[in-house]
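Here is the structure we will look at, set down as structure tokens.
Please treat every number below as a calculation from the coordinates, not as lab data. Small disclaimer: the values here were computed from a predicted structure and weren't measured. Counting neighbours? That spans all protein chains shown, and the Cβs are built from the backbone with ideal geometry, glycine included.
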Amino acid sequence: MTSKLNANVTVIAVHGAWADGSSWNKVSTQLISAGVKVIAAQIPMTSFSEDVLTIQQLLRAQSGPVVLAGHSYGAAVITAAGANNAKIKGLVYIAGIVPDQGEAVGQVFMRAAPHQTAPQLSPDAEGLLWVTQNDFANAIATDATPVEQALMAATQKPIAAICLGEPLKQAAWKELPSWFLIAENDRMVSPETQRFTALRAGSKVVSLPVDHCPLMSAPENVADIILEAAFA
């Protein structure tokens, strides 16, 4: 990991579905040790617009440069929230779902056929999507320990199904540099889809043989990519 320090850079990290800000803890520890301020955002996942607004509010509170990092669904959120903001130095996508203008998260997610162990998602009576502990073990965090998988299941935040259908208004990657960690062993977001969207965004690509949740399985690699964006 780079040893450079720049206390003026803030990293705003955005979690994916069925997670919260604590999913970034291993990565945040690495970044804090490198002298970088980290905000692990807590998005409500009640609607895509509300998630974007949450990040825009955090951006307004920052006085210096910002790197936005998003995992999975969080990648779509930073793609929308980062548009037309001079504070942002770059975007970091981790196993990301990265729409273009007019596309919705669900369209990108379903661009390729789901892996055979991916969960069968259907909303409950309140329109929320949940996953099981087996889904964490078999599809989401296959490289995590059984205890980590159980904790992820115990602390999961559901995502409202409507979050997947709202079209993106503007894509920040069209105006900002971006980095993309492609998770080659991903069973949730197709690696082929990740490669397609990374190429479309002109991202600098790092490809690793990791699962859908490199925040848990490869935190040093994730931190190194974010630090590269911060000091670019």
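At a glance:
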{"quantity": "Unique residue being under 19 Å from P191 (Cβ atoms), touching a residue at least 60 places away in the same chain (Cβ under 8 Å) and either touching a helix residue (DSSP H, G or I) at 6+ places or on another chain (Cβ under 8 Å) or hydrophobic (A, V, I, L, M, F, W, C) (or both) when the list is T117, T142", "calculated": "T117"}
{"quantity": "Complete set of residues in the range 121-144 that are more than 21 Å from the chain's Cα centre (by Cα) and part of a loop (DSSP other than H, G, I, E, B)", "calculated": "S122, P123, D124, A125, E126, G127"}
{"quantity": "Test: L168 is part of a strand (DSSP E or B), in contact (Cβ under 8 Å) with a residue 40 or more places away in the chain and crowded, with 22+ Cβ neighbours inside 10 Å", "calculated": "no"}
{"quantity": "Scope the range 74-115; condition among the aliphatic types (A, V, I, L, M), closer than 30 Å to N8 by Cα, in contact with a Gly (Cβ under 9 Å, 6 or more places away or on another chain) and assigned to a loop (DSSP other than H, G, I, E, B); matching residues", "calculated": "A95, I97, V98"}
{"quantity": "Long-range neighbours under 7 Å by Cβ, at least six apart or interchain, first residue within 16 Å of S49 (Cα to Cα) within the range 100-111, second among the polar types (S, T, N, Q)", "calculated": "Q101/Q170"}
{"quantity": "All positions within the range 145-157 that are outside any helix (DSSP H, G or I) and either in contact with a helix residue (DSSP H, G or I) (Cβ under 6 Å, 6 or more places away or on another chain) or more than 18 Å from K26 (Cβ to Cβ) (or both)", "calculated": "K157"}
{"quantity": "Residue list for the range 185-219, filter: in a helix (DSSP H, G or I), under 16 Å from the mean Cα position of the chain (by Cα) and in contact (Cβ under 8 Å) with a residue 24 or more places away in the chain", "calculated": "T193, Q194, T197, A198, A201, P214, L215, M216, S217, P219"}
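Residue-wise test of (1) touching a Leu at 6+ places or on another chain (Cβ under 6 Å); (2) crowded, with 19+ Cβ neighbours inside 10 Å.
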residue	(1), (2)
P65	no, no
V77	no, yes
A86	no, no
Q101	yes, no
G106	yes, no
P123	yes, no
A150	no, no
